[in-house]
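Student: Got a structure for you, written out below as structure tokens; questions coming shortly.
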Number of protein chains: 2
Amino acid sequence: MKVKDLGEHALLARLLARLPRPPATVLVGPGDDAAIVTHVRNQHLVVTTDSLVEEIHFSRRYFAPADIGHKALAVNLSDMAAMGASPRWALLSLVLPGSWPVSDVEGLMDGLAELARLHGTSVVGGNITRTNGPLVVDVTLGGDVRPRRWLTRGGARPGDSIYVSGTLGGARAGLEMLSGTGNPSTALGAGREPGAGSRDLVCETRQRRPEPRVRLGRAMAGARAARAAMDLSDGLADALRQVAAASGCGVRIDAATLPIEPGAARWWQARGGDPVRSAVVGGEDYELLFAVPTRGAGKLRNARRHVADPPITKIGVFTKDPGELVLDRSGELEPLPMGYEHFREPGTGSSEPS
Amino acid sequence: MKVKDLGEHALLARLLARLPRPPATVLVGPGDDAAIVTHVRNQHLVVTTDSLVEEIHFSRRYFAPADIGHKALAVNLSDMAAMGASPRWALLSLVLPGSWPVSDVEGLMDGLAELARLHGTSVVGGNITRTNGPLVVDVTLGGDVRPRRWLTRGGARPGDSIYVSGTLGGARAGLEMLSGTGNPSTALGAGREPGAGSRDLVCETRQRRPEPRVRLGRAMAGARAARAAMDLSDGLADALRQVAAASGCGVRIDAATLPIEPGAARWWQARGGDPVRSAVVGGEDYELLFAVPTRGAGKLRNARRHVADPPITKIGVFTKDPGELVLDRSGELEPLPMGYEHFREPGTGSSEPS
């Protein structure tokens with residue numbers, strides 16, 4: 001059955017039936033004009049919104065419906081993580097082509113609901129709209145943060161160490177593997193032999209099912225281990241530029257220390273590419289960038305005691321000169337590459353909501 | 001200049017510059033990974049989301065950019081009004097075709113910001129995404145409501161009077177006037193003589209610039225003058241069915257009492273239509289429907305003392321039998337017409353986000 005055969009009310013009812021019962025803090029859940037949620041005492045409200053658009057952020061050729069639902073929530077959870085906040089509730093706005101099978105919409109909802117459950121987040125409401133164009137999944141996420149324990153992009157100071165969580169480049173390499181954009185001969189189903197430079201399940205999973213670093217962000221903010229944070233939705237280069245600009249600092253990155261995802265490095269090496277550059281520019285890893293004060297080693301250990309995974313790696317320092325945006329490659333200094341921009345790189349599929 | 005020539009960061013910066021400085025309750029405003037807002041003591045959080053999609057909810061042929069921005073916020077303010085809540089903050093998610101002129105995006109933002117200002121609402125964040133398809137404007141609205149002073153769809157009881165605010169049918173007739181769908185000869189620019197059945201500025205304005213009934217909803221909930229409420233986004237017939245179903249009641253409507261917008265009635269009469277049926281089915285008036293207990297006349301007067309405009313009109317009663325959905329036309333009983341459904345009435349442009 002297609003979406004257009006069912007009608008909006010019936011479709012909404014089917015989707016809502018797939019959600020777990022919301023907790024007692026949700027006073028009015030899905031199905032009314034709005035949702036009502038109790039405040040958490042002595043915490044501030046944190047809100048963010050992000051959309052995924054078909055053929056811009058994903059393609060149904062290599063994203064299952066549940067992947068789309070997962071990722072639409074994950075990109076918002078990553079923003080929450082970057083503030084050091086705890087997610088609580090979500091609103092889902094679906095802009096649906098009438099030709100979509102109802103079972104695919106249910107699959108999308110299941111992917112979103114599963115990740116929501118993992119992060120203690122309730123889907124409290126939403127909206128379904130028809131479109132003659134591509135699918136748009138817009139999620140708004142609400143959460144809490146303790147007073148004076150949040151992280152913005154603007155708090156870094158010269159001398160602070162730059163840390164990133166996890167590995168870099170996996171999601172971009174994964175997209176190239178899935179879509180065949182890295183090299184035509186490697187398109188889906190082209191059947192390469194396994195080994196160096198072949199498709200890599202870790203990279204593909206990082207593209208389709210990013211794991212937002214919610215616990216890490218909260219631990220770093222709660223322990224006051226970081227002064228600034230941002231997520232790597234549009235890539236490391238973009239994040240460094242944004243944090244540097246908001247903080248009035250420069251950055252100097254040591255290329256040798258970058259934790260490039262091994263499967264991604266092999267993929268680019270096998271194609272004669274530059275793994276460092278690809279990993280620095282490539283977006284969608286949804287790792288976190290932190291500014292850590294040099295004297296904050298004790299606080300950093302405290303934060304890591306609670307959340308040891310993913311690893312975090314020091315990749316450089318914030319510097320005094322706001323114009324200095326430098327990548328140090330074994331002593332040779334290069335300007336830091338530009339990041340992705342939605343409207344300027346049409347058709348790559350790699351741009352990402354901010 | 002087109003959106004695609006500018007880049008996302010520069011476009012965001014230009015749009016944010018058009019917003020007024022947020023109040024002190026907004027601790028982190030637009031431009032970071034998320035926004036942070038303080039809670040209002042002893043109030044609950046109310047959240048809702050709604051999208052407008054180009055060629056589904058509006059057409060650029062007869063909506064100026066500022067109309068689109070106004071309406072995208074208005075439909076959400078109307079949901080807030082239907083809960084009896086006070087709006088506080090909004091998140092704007094724009095899914096933009098690259099071919100849009102930047103000046104039009106600025107116009108859209110101005111229309112939204114002006115209505116936000118009127119309702120004491122701050123745009124605290126948002127997101128811009130590229131699309132190869134139609135424009136989508138998704139707004140999430142947050143607000144506050146006092147404990148036990150909110151209105152849902154589910155509180156009506158048999159015997160309660162049914163009231164609606166303002167007039168009915170204006171927005172639907174306005175759409176027909178603007179788009180020429182009511183009658184080909186009346187399309188924009190076709191130049192009819194003024195008089196009975198001609199285009200009507202009130203109706204066209206109700207279509208393009210609906211006025212959400214925020215003060216009325218808050219006054220009715222605050223005075224406990226109503227037991228249930230819903231807004232007429234998808235029309236009176238749809239709202240009656242929804243409130244009746246959620247409350248386990250039937251409804252009996254007296255057609256003679258319906259406050260049909262005069263210009264709309266003339267429009268449909270001149271075309272041999274049935275103004276009652278058109279006004280009952282037609283959506284987008286964004287008036288409010290209330291269930292008012294018979295013994296609540298004093299509370300109703302209290303609520304009206306504070307908010308006298310728009311007028312409210314008794315149009316029927318809730319009844320015991322949940323299967324009874326009846327329109328009484330001078331003693332002749334008809335079944336209440338069905339409401340709009342997005343996926344079932346393609347191409348009319350009259351369907352509306354719920």
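Student: Take the conditions outside any loop (DSSP other than H, G, I, E, B) and buried (at least 18 other Cβ atoms within 10 Å of the Cβ) and apply them to B:Asp138. Does it pass?
Tutor: The answer is yes for B:Asp138.
Student: How about the range A:114-135: which of its residues are part of a loop (DSSP other than H, G, I, E, B) and either within 14 Å of chain B (Cβ to nearest Cβ) or charged (D, E, K, R) (or both)?
Tutor: A:Thr121, A:Asn132, A:Gly133, A:Pro134, A:Leu135
Student: Please determine whether any residue of the range B:233-241 is more than 18 Å from the chain's Cα centre (by Cα), of a type outside the set (A, V, I, L, M, F, W, C) and surrounded by fewer than 22 Cβ atoms within 10 Å (Cβ to Cβ).
Tutor: Within the range B:233-241, not a single residue is more than 18 Å from the chain's Cα centre (by Cα), of a type outside the set (A, V, I, L, M, F, W, C) and surrounded by fewer than 22 Cβ atoms within 10 Å (Cβ to Cβ).
Student: Restricting to the range B:255-283, what's the tally of residues that are in contact with a Leu (Cβ under 6 Å, 6 or more places away or on another chain) and either more than 23 Å from B:Ala229 (Cβ to Cβ) or not assigned by TED's automatic domain parsing to the domain that holds B:Asp328 (or both)?
Tutor: 0
Student: Would you mention how many residues in the range A:1-24 are in a loop (DSSP other than H, G, I, E, B), surrounded by fewer than 17 Cβ atoms within 10 Å (Cβ to Cβ) and within 27 Å of the chain's Cα centre (by Cα)?
Tutor: Summing the residues that are in a loop (DSSP other than H, G, I, E, B), surrounded by fewer than 17 Cβ atoms within 10 Å (Cβ to Cβ) and within 27 Å of the chain's Cα centre (by Cα) in the range A:1-24 gives 4.
Student: While we're on this one: List every residue pair whose Cβ atoms sit under 8 Å apart, with the two residues 6 or more apart in sequence or on different chains, where the first one lies in the range B:99-127 and is under 16 Å from B:Val139 (Cβ atoms) and the second, anywhere, is in a loop (DSSP other than H, G, I, E, B) and of a type in the set (Lys, Arg).
Tutor: Close Cβ pairs satisfying both conditions: B:Met109/B:Arg18; B:Asp110/B:Arg18; B:Ala113/B:Arg18.
Student: Picking from B:Ala291, B:Ala303, which residue would you name as being more than 30 Å from B:Arg199 (Cβ to Cβ) and in a strand (DSSP E or B)?
Tutor: Sole residue among the options that is more than 30 Å from B:Arg199 (Cβ to Cβ) and in a strand (DSSP E or B): B:Ala291.
Student: Here is a follow-up. Here is a list of conditions, (1) of a type in the set (Gly, Ala, Ser); (2) outside any strand (DSSP E or B); (3) surrounded by 24 or more Cβ atoms within 10 Å (Cβ to Cβ), and A:Gly159 meets all of them except one; can you say which number that is?
Tutor: With (1) of a type in the set (Gly, Ala, Ser); (2) outside any strand (DSSP E or B); (3) surrounded by 24 or more Cβ atoms within 10 Å (Cβ to Cβ) applied to A:Gly159, the lone miss is (3).
Student: Another one. So which residues in the range A:312-332 are farther than 15 Å from A:Leu240 by Cα and surrounded by fewer than 12 Cβ atoms within 10 Å (Cβ to Cβ)?
Tutor: Answer for the range A:312-332, where residues must be farther than 15 Å from A:Leu240 by Cα and surrounded by fewer than 12 Cβ atoms within 10 Å (Cβ to Cβ): A:Ser330, A:Gly331, A:Glu332.
Student: Working only within the range B:85-98, note down all residues that are within 25 Å of B:Arg149 (Cα to Cα), touching a residue at least 60 places away in the same chain (Cβ under 8 Å), facing chain A (nearest Cβ under 10 Å) and among the small types (Gly, Ala, Ser).
Tutor: Once the filter is applied, which keeps residues that are within 25 Å of B:Arg149 (Cα to Cα), touching a residue at least 60 places away in the same chain (Cβ under 8 Å), facing chain A (nearest Cβ under 10 Å) and among the small types (Gly, Ala, Ser), the range B:85-98 yields only B:Ala85.
Student: Please verify whether the range B:5-17 includes one or more residues that are free of Cβ contacts under 8 Å to residues at least 60 places away in the same chain, touching a Pro at 6+ places or on another chain (Cβ under 7 Å) and away from chain A (no Cβ under 11 Å).
Tutor: Yes: the range B:5-17 contains one or more residues that are free of Cβ contacts under 8 Å to residues at least 60 places away in the same chain, touching a Pro at 6+ places or on another chain (Cβ under 7 Å) and away from chain A (no Cβ under 11 Å).
Student: Quick check on my filter: what residues within the range B:56-84 are facing chain A (nearest Cβ under 7 Å) and either at pLDDT 95 or above or not in a loop (DSSP other than H, G, I, E, B) (or both)?
Tutor: Answer for the range B:56-84, where residues must be facing chain A (nearest Cβ under 7 Å) and either at pLDDT 95 or above or not in a loop (DSSP other than H, G, I, E, B) (or both): B:Asp79, B:Met80, B:Ala82, B:Met83.
Student: Consider only pairs whose beta carbons are under 6 Å apart and that are at least six residues apart or on different chains; among these, list those whose first residue lies in the range B:33-46 and is more than 7 Å from chain A (Cβ to nearest Cβ) and at negative phi and whose second residue is modelled with pLDDT of 95 or more and buried (at least 18 other Cβ atoms within 10 Å of the Cβ).
Tutor: Listed by first residue and then by second, the contacts come to B:Val40/B:Asp144; B:Gln43/B:Asp144.
Student: Here is a follow-up. State whether the residues of the range A:274-282 include one that is modelled with pLDDT of 95 or more, assigned to a strand (DSSP E or B) and of a type outside the set (A, V, I, L, M, F, W, C).
Tutor: No.
Student: For B:Gly31, indicate whether it is crowded, with 24+ Cβ neighbours inside 10 Å and in a loop (DSSP other than H, G, I, E, B).
Tutor: Answer is no for this residue.
Student: If I filter the range A:105-113 for residues that are under 23 Å from A:Arg206 (Cβ atoms), out of contact with any helix residue (DSSP H, G or I) (no Cβ under 7 Å at 6 or more places or on another chain) and more than 13 Å from chain B (Cβ to nearest Cβ), do I get at least one hit?
Tutor: Yes: one or more hits.
Yes/no matrix, rows are residues, columns are (1) without any contact (Cβ under 8 Å) to a residue 12 or more places away in the chain; (2) surrounded by 22 or more Cβ atoms within 10 Å (Cβ to Cβ):
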residue	(1), (2)
B:Trp268	no, yes
B:Asp274	yes, no
B:Ser278	no, yes
B:Gly282	no, yes
B:Tyr286	no, yes
B:Ala291	no, yes
B:Lys299	no, no
B:His306	no, no
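The values are calculated or read from the model by the stated rules, or taken from the named source; none is laboratory data. Keep in mind that what you see is a predicted model, and the values were worked out from it rather than measured. Methodologically, a virtual Cβ is constructed for each residue, glycine included, from the backbone with ideal geometry; neighbour enumeration extends over all protein chains shown.
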